[in-house]
Amino acid sequence: RSRYRTKGPSEESVAPENLPPPQPQPTPEEVKQKLEQVEQKITFTLRMIDSSLVNAQHVASKILNNVKTYATQTKSINESLQVWSKFFTSFPSVQAPSFTNSTHSTLGSSIHFGGTKSPIGGG
């Protein structure tokens, strides 16, 4: 066995006649024009980004103003409801009335207050 590896059929070098033809080098003027086009596209894209950011800032300002207005209004509502909250929590044994169906009433329903039945419709 040899220490050196030989090239197989798939590893042979490509013959020069099989290479693609060399591309012509662009002239400095062509490079300059292409560079100017790319710079114009970059500038246009940056202007579009700037315009979008300005628009987003306006939208965010409107939303923030609406949130501030909402916070002010809900704060005043919350403060005015504190009186009722204290009022209702001062009566822990009172239960809210519940409405259920009953076959003993003329209208078919009754109101329950603290476990007692009061028929609706006088029956």
Test: A56 is modelled with pLDDT of 90 or more and either open to solvent by less than 100 Å² (accessible area, probe 1.4 Å) or out of contact with any Leu (no Cβ under 7 Å at 6 or more places or on another chain) (or both): yes
S51 passes all but one of (1) modelled with pLDDT of 95 or more; (2) open to solvent by 100 Å² or more (accessible area, probe 1.4 Å); which number fails? (2)
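The values are calculated or read from the model by the stated rules, or taken from the named source; none is laboratory data. Since the structure is predicted, the reported quantities are computational estimates derived from the model, not experimental observations. Heads up, the Cβs are rebuilt from the backbone with ideal geometry, glycines too, and the neighbour counts pull from every protein chain shown. The accessibility values were calculated without ligands, DNA or RNA, using every heavy atom of the protein model including side chains. Shrake-Rupley method; radii C 1.70, N 1.55, O 1.52, S 1.80 Å.
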